[in-house]
Structure formats: structure tokens, C-alpha cells
Amino acid sequence: MLMLGIETSCDETAAALVEGGTTRWLIRSNVVASQVDIHREWGGVVPELASRQHVRDICGVVERALADAGAGWSDIDAIAVTQGPGLVGSLLVGVSFAKSAAWAIGKPLVAVNHLAGHIESIWLEHGPISLPAVILVVSGGHTSLYLVKREGEYSLLGRTRDDAAGEAYDKVAKLLGLGYPGGPIIDRLANEGNDVAIRWPGTRLTNPDRNAPERDGRFDFSFSGLKTAVLRHVRQRQSELGVAQLPHAEIVDLAASFQRRVVETLIDRTFSAARWHGAKSIGIAGGVSANSRLRKDALAKSERSEIPVYFPSLALSTDNAAMIAAAGLRQLAVGRVAAADLNAAASLPL
Ligand code: KG4
Ligand code: ZN
């Protein structure tokens, strides 16, 4: 089976060809056109600019994915596309393209949840892992824990009540005048700083989730308190020093202390969930899984606790279409195909 995957949920136009059946997948091509340079100027993703750029890029990106794989339209067996969650205008570009293309070549269309794509990036990278597995999806829009008892079936264990971890990185970077996207910049600066230079107040989630009181919230996350603590600290130091831009030495200490707190929280919650549910393996996926400290500390904890931890390669951590094609192959194998009236869904749940 040769699957064409298409991803346009946020600020990357991506297409990939992935070959395989139910267990092993092979990436034949993986093309990503990033819009970061367009949005950087605005300090974050501008939805209208994003959808317009997807329209400009989509045909070229798909053609490039076909060319890189040495394949033609007639070689494709099915098309998988991100249906949501994401920016609706951006999603619509991918969904419309995929629907038309599937209809034109007379092949099935598969609708993929973006988060299922991030989860499957673990299987795409490593092949089958021991189940049950606890998977952390940590990105700019999401911080969620899933239990996978059977391949392709995901049950939500916990999620952030407010900001996603990547969003906190991006907001803190913006606050420090460091640019966009903030994750990789803070990650780099944190390596120069002292990670115990600043003590942030603790975040304790003992109250039920106001938006879903029936849920068991013990594996939930919250990052808005930390973000506000950073904001207060920065404002105070700016006024004490009478400067708008803090000195480099302070910025690197702040970056290191902030990163330490985020990473500790992510690892702590993920390993607790894994222990609680008797998981035989852990996966960490999504844009923030590219973080160097998260990788290092999670692998160190994995050795101590004897639960294997799997990360996707860096190219499969941030948004890409190969993971969408993989999740599509998983669904196609059980006959889950989309109807021709498929629509984008900005807040599609998983
Ligand atoms: O998965 P992704 O590409 O897009 C979403 O689905 O959101 O994740 C993007 C997020 C951004 O917030 C970015 O700052 C963060 O991932 N990110 C990182 C790193 N690389 C990307 N965060 C921390 N450390 C990194 N090295
Ligand atoms: Zn993503």
C-alpha cells in the first residue's frame, strides 16, 4: 500500500509518501514547506496568512513528494489528510485538495486526527512497541497523555487545562524578545544557563477541571501559572534594572530554570501515568519532543525505571505528513475511510 499523506493544520504545508501495511511503514518521501519566516515577523501564526500560503504551496509540495519517491499519481493507493484539530482555514486547504485528488484518481480518502498522527510517529520511527503504552503528545497546541492498549486505539488520560507546553515556550520567548518559534531558541539558550537560578512557585492541580468535572484530572497539566510567574519575574527585573532587554546572563538562567520546570512536569506526569496503568513502554511525540533536555532526562529516567521511552526522530517530531500517512495506513487497514463530503474540524477531539 502506498499512502499519500497531506498535512496543513497550522503553519507547515506537508506531503509525504509512506509505504506499508499494518505493522511496518517505510517513508518514501517527506516534504515540509515551513511558513515560519512569514509568521516570525508577527510573533506568532497569523491564520489568514497561513491559509493563503497553504494555497500557494500545496500543489508544489505534493508534486515534490511524488518526485522524491519516484512515484506517479497512478502508484498511490489512498490519500490521508489531517481533518483537525487546527486552524480551520488551513485545514480546509488540505482537506479540499485531498478530496479532489482522491476523487480524481478514484482512490479512498482517509481522515486523520492530527494528534493520532503525532502518536503514530512513534510507530513510524520504531515499529511495534510493547503495549500497553503511555504516549505524551506535547506540541504548540496540545499537551495530552494517551493510553494505547491496542495499536490504533487511543484513550485520553490527561491533558493541559490551559496552555500547551509549546505555547508556554513560545510566549516566554516572546516576552524575552527572543523571536518565534520560542521552543528551539529557549532550548539552545537553556544549555548556557543555571537551571536552579530561579525558583518558580509550584503548580498543584488538586481541584477538578471546571470544564469537565466528571473527568479524572490526576494526569492533567497546567502551564499558565508558570508563564505568569515568568512574566512577573521579567517585569520586576526590567524595572529594577531600568532596561527593556534583560542581560544575556539573566536570560540564559531564566531559560534554563523555565525549561527545567516544564521538562520535570512533563516527565513526572508521564511516568506516573505509565506506572499507574502498568505501561510497558512510553512514547513522547509532538514539536516539544524535539527538546534536548526532555530527551536526555526522559531517557535517563527510563534507564532508572526500566520502562523504555521512545521518541520520533527530529524530522518526525514537528509537524509533517509522514505521520499523517502512517496514521492513515493504520485506519485504512481496518476499513475506516472518509466520505466525499468530509469537512475540516477545527476542534476535532481524540
Ligand atoms: O508539533 P508542532 O510542530 O506543531 C503543533 O502541532 O503545535 O509543535 C510546535 C511547537 C512550538 O510551540 C515550538 O516552540 C515547539 O513545538 N518546539 C520546541 C522545540 N522545538 C519545537 N519546544 C521546546 N524545545 C524544542 N527544541
Ligand atoms: Zn502538531
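The table that follows gives values for the structure above.
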| read-out | value |
| --- | --- |
| Total residues in segment 114-136, condition surrounded by fewer than 22 Cβ atoms within 10 Å (Cβ to Cβ) and either closer than 16 Å to residue 315 by Cα or within 12 Å of ligand 2 (Cβ to nearest atom) (or both) | 1 |
| Any chance residue 316 is open to solvent by less than 40 Å² (accessible area, probe 1.4 Å), within 17 Å of the chain's Cα centre (by Cα) and within 19 Å of residue 8 (Cβ to Cβ) | yes |
| Only one of 124, 145 that is farther than 30 Å from residue 244 by Cβ and either under 13 Å from the mean Cα position of the chain (by Cα) or at pLDDT below 95 (or both) | 145 |
| Qualifying positions in segment 202-219 - under 30 Å from residue 251 (Cβ atoms) and either modelled with pLDDT of 95 or more or open to solvent by less than 80 Å² (accessible area, probe 1.4 Å) (or both) | 202, 203, 205 |
| Helices (runs of 4 or more DSSP H) wholly inside segment 18-121 that include at least 3 residues being within 23 Å of residue 342 (Cβ to Cβ) | 47-69, 88-105 |
| Test: residue in segment 26-45 that is within 16 Å of ligand 2 (Cβ to nearest atom), open to solvent by 20 Å² or more (accessible area, probe 1.4 Å), closer than 28 Å to residue 177 by Cα and polar (S, T, N, Q) | yes |
| Hey, residue 229 under 19 Å from residue 162 (Cα atoms) and open to solvent by less than 40 Å² (accessible area, probe 1.4 Å) or not | yes |
| Filtered residue count, segment 137-182, keeping only those that are open to solvent by 20 Å² or more (accessible area, probe 1.4 Å), small (Gly, Ala, Ser) and touching a Gly at 6+ places or on another chain (Cβ under 7 Å) | 1 |
| So residue 140, is it away from ligand 1 (no atom under 16 Å from the Cβ), part of a loop (DSSP other than H, G, I, E, B) and either modelled with pLDDT of 95 or more or within 23 Å of residue 327 (Cβ to Cβ) (or both) | no |
| Within segment 156-179, considering residues that are more than 8 Å from ligand 1 (Cβ to nearest atom) and assigned to a loop (DSSP other than H, G, I, E, B), the one farthest from residue 41 (Cα to Cα) | 161 |
| Residues located in segment 271-303, provided they are of a type in the set (A, V, I, L, M, F, W, C), within 23 Å of residue 318 (Cα to Cα) and in a helix (DSSP H, G or I) | 271, 288, 290, 294, 298, 299, 300 |
| Residue that is under 28 Å from residue 26 (Cβ atoms) and either touching a Phe, Trp or Tyr at 6+ places or on another chain (Cβ under 7 Å) or among the acidic types (Asp, Glu) (or both), where the choices are 329, 314, 299, 342 | 329 |
| Test for residue 292: is it away from ligand 1 (no atom under 16 Å from the Cβ), of a type in the set (Ser, Thr, Tyr) and surrounded by fewer than 18 Cβ atoms within 10 Å (Cβ to Cβ) | no |
| Only listed residue being within 15 Å of ligand 2 (Cβ to nearest atom), over 22 Å from residue 284 (Cα atoms) and touching a residue at least 60 places away in the same chain (Cβ under 8 Å), chosen from 110, 81 | 81 |
| Qualifying positions in segment 235-270 - farther than 14 Å from residue 189 by Cα, assigned to a helix (DSSP H, G or I) and free of Cβ contacts under 8 Å to residues at least 40 places away in the same chain | 235, 236, 237, 238, 239, 240, 241, 263, 264, 267, 268 |
| Pair list, Cβ under 6 Å, 6 or more apart: segment 144-157 residue small (Gly, Ala, Ser), other residue open to solvent by 20 Å² or more (accessible area, probe 1.4 Å) | 144/159; 152/330 |
| Hey, residue 273 more than 16 Å from ligand 2 (Cβ to nearest atom), open to solvent by less than 50 Å² (accessible area, probe 1.4 Å), at pLDDT 95 or above and closer than 15 Å to residue 189 by Cα or not | no |
| Residue match in segment 253-268 (condition: at pLDDT 95 or above, more than 22 Å from residue 223 (Cα to Cα), in contact with a helix residue (DSSP H, G or I) (Cβ under 9 Å, 6 or more places away or on another chain) and surrounded by fewer than 23 Cβ atoms within 10 Å (Cβ to Cβ)) | no |
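The values are calculated or read from the model by the stated rules, or taken from the named source; none is laboratory data. Keep in mind the model is a prediction, meaning the values are calculated, not measured. Note that each Cβ is placed from the backbone with ideal geometry, even for glycine, and that neighbours are counted across all protein chains shown. In case anyone asks, the SASA skips ligands and DNA or RNA and just uses the protein heavy atoms, side chains included. Shrake-Rupley method; radii C 1.70, N 1.55, O 1.52, S 1.80 Å.
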